[in-house]
Amino acid sequence: MYNIVRIPGDGIGTEITKAVTDILEAAGAQINWIECEAGEATYKKTGNPLPDETIEAMQEHRIALKGPLTTPVGAGFRSINVALRQKFNLYSNIRPAHSLPNIESPFRSVDLVLFRENTQGLYIGKEHWVDDEEHAESIAVVTRDASKKIITAAFEYAQKNNRKKVTLVHKANILKLTTGLFLQIGKEVSEKYPDIVFEDLIVDNMAMQMVLNPQRFDVIVTTNLFGDILSDLASGLVGGLGVTGAANIGDDAAMFEAVHGSAPDIAGQGKANPTALLFSALMMLEYLDEYRLAEKIRSAVYTVLQDHKDECTPDVGGQGSTQTYTEAICKLLRD
């Protein structure tokens with residue numbers, strides 16, 4: 001039995017979290033959920049968007065499944081998600097993008113995994129005004145230690161999962177010190193993995209290549225800002241943020257989340273697609289070495305997308321609801 005913190009989040013978060021919980025239960029996952037709160041609704045209720053109780057539960061159990069959160073305006077947080085990642089040093093943001101059956105996309109056979117450094121770069125929030133708010137400056141931080149950790153994580157993943165190539169993305173032609181350091185460390189780390197092909201691409205060229213021929217990429221590793229942008233681009237290649245999962249992993253803690261928004265405009269209407277959070281939960285199972293269980297659920301999802309499209313949610317071309325989609329997956333798992 002695994003003790004796992006569950007944070008439903010805001011908007012459609014409650015609906016998709018229940019759907020994912022039901023699917024995991026139908027598949028036989030042995031999970032004891034530790035229910036916690038965070039986000040805008042929690043702020044309105046308690047005055048704190050990230051309560052101490054949630055932090056303490058994460059500190060104790062070290063693993064969480066999190067729905068989409070809305071960071072309330074004026075709550076003193078730049079981002080609750082960033083705060084959680086930095087608090088637990090979840091330096092590795094992993095975003096797979098796989099082509100799915102019966103999902104409308106101009107691309108086929110996309111199968112890439114993007115590793116994004118999660119704690120540094122421009123997202124550390126070191127900004128200040130110069131000259132009476134007429135001139136703003138932002139500082140990006142890249143360190144050898146953090147760069148080595150994320151790049152090594154990408155190579156280790158490639159080796160463990162029989163991936164053949166790692167592509168490092170940078171802007172070292174212009175940002176010679178920060179992303180130049182990242183590239184230098186990438187070259188050093190690559191020498192320890194002679195069986196894996198290593199290449200590096202400048203970020204603007206990378207963006208073009210991803211929409212021209214995404215099938216050429218396997219494992220991608222990059223800095224925080226570039227990874228944020230390119231991982232959303234990768235999701236767009238296979239159907240959008242609603243069908244791609246995400247993991248945030250550190251040395252001794254992990255958080256799995258839906259990276260799409262909380263969609264308050266459709267909350268409570270049964271239109272929410274739980275696939276992104278479900279795929280994040282499958283990454284969680286794999287993190288727990290429950291590979292067979294994760295594959296069992298993934299197979300059921302693919303079957304429903306392929307053969308039971310009418311029961312899927314409208315965003316992927318179905319005529320069903322959150323409930324009919326969830327029930328279709330659960331039925332296959334129970335049968």
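The values are calculated or read from the model by the stated rules, or taken from the named source; none is laboratory data. Since this is a predicted model, take the numbers as computed values, not measurements. Neighbour counts are summed over all protein chains in view; Cβ atoms, including those assigned to glycine, are modelled from backbone coordinates with ideal geometry.
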Checklist outcome for this item: Checked pairs for the range 198-212, first more than 18 Å from GLY186 (Cβ to Cβ) and buried (at least 18 other Cβ atoms within 10 Å of the Cβ), second hydrophobic (A, V, I, L, M, F, W, C) and modelled with pLDDT of 95 or more, C-beta under 9 Å and 6 or more apart or across chains, list as MET210/LEU112; MET210/PHE217; MET210/ILE220; MET210/LEU230; MET210/LEU233; MET210/ALA234; MET210/LEU237
Checklist outcome for this item: Restricting attention to the range 185-234, the residues that are in contact with a Phe, Trp or Tyr (Cβ under 7 Å, 6 or more places away or on another chain) and assigned to a loop (DSSP other than H, G, I, E, B) number exactly 3
Checklist entry - Of all the residues that make up the range 235-246, how many are in a helix (DSSP H, G or I) and crowded, with 23+ Cβ neighbours inside 10 Å? => result 2
Checklist entry - Which condition does MET255 not pass, out of (1) under 30 Å from GLN59 (Cα atoms); (2) in the same structural domain as ARG144 (by TED's automatic domain parsing), if it passes all the others? => result (2)
Next on the checklist: Checking GLY320 against (1) surrounded by 18 or more Cβ atoms within 10 Å (Cβ to Cβ); (2) of a type outside the set (Phe, Trp, Tyr); (3) part of a helix (DSSP H, G or I); (4) out of contact with any His (no Cβ under 6 Å at 6 or more places or on another chain): exactly one of these is not met. Which one?
Outcome noted: (3)
Next on the checklist: Among the residues of the range 126-136, are any of a type in the set (Gly, Ala, Ser), part of a strand (DSSP E or B), more than 18 Å from ILE220 (Cβ to Cβ) and free of Cβ contacts under 8 Å to residues at least 12 places away in the same chain?
Outcome noted: yes
Next on the checklist: Take the residues in the range 255-265 that are buried (at least 17 other Cβ atoms within 10 Å of the Cβ) and over 14 Å from the mean Cα position of the chain (by Cα); name whichever of them is nearest to ASN81 (Cα to Cα).
Outcome noted: SER262
Checklist entry - Looking at the range 137-167, which of its residues are outside any strand (DSSP E or B), of a type outside the set (D, E, K, R) and within 22 Å of ASP228 (Cβ to Cβ)? => result VAL142, THR143, ALA146, SER147, ILE150, ILE151, THR152, ALA153, ALA154, PHE155, TYR157, ALA158
Checklist entry - Looking at ALA294, is it hydrophobic (A, V, I, L, M, F, W, C), without any contact (Cβ under 8 Å) to a residue 24 or more places away in the chain, outside the structural domain of VAL169 (by TED's automatic domain parsing) and assigned to a helix (DSSP H, G or I)? => result yes
Checklist outcome for this item: Of VAL259, VAL221, VAL238, the only residue that is of a type in the set (A, V, I, L, M) and either at positive phi or modelled with pLDDT under 95 (or both) is VAL259
Checklist outcome for this item: The residue from PRO49, PRO106, PRO96, PRO101 that alone is surrounded by fewer than 24 Cβ atoms within 10 Å (Cβ to Cβ), touching a residue at least 24 places away in the same chain (Cβ under 8 Å) and farther than 18 Å from MET283 by Cα is PRO101
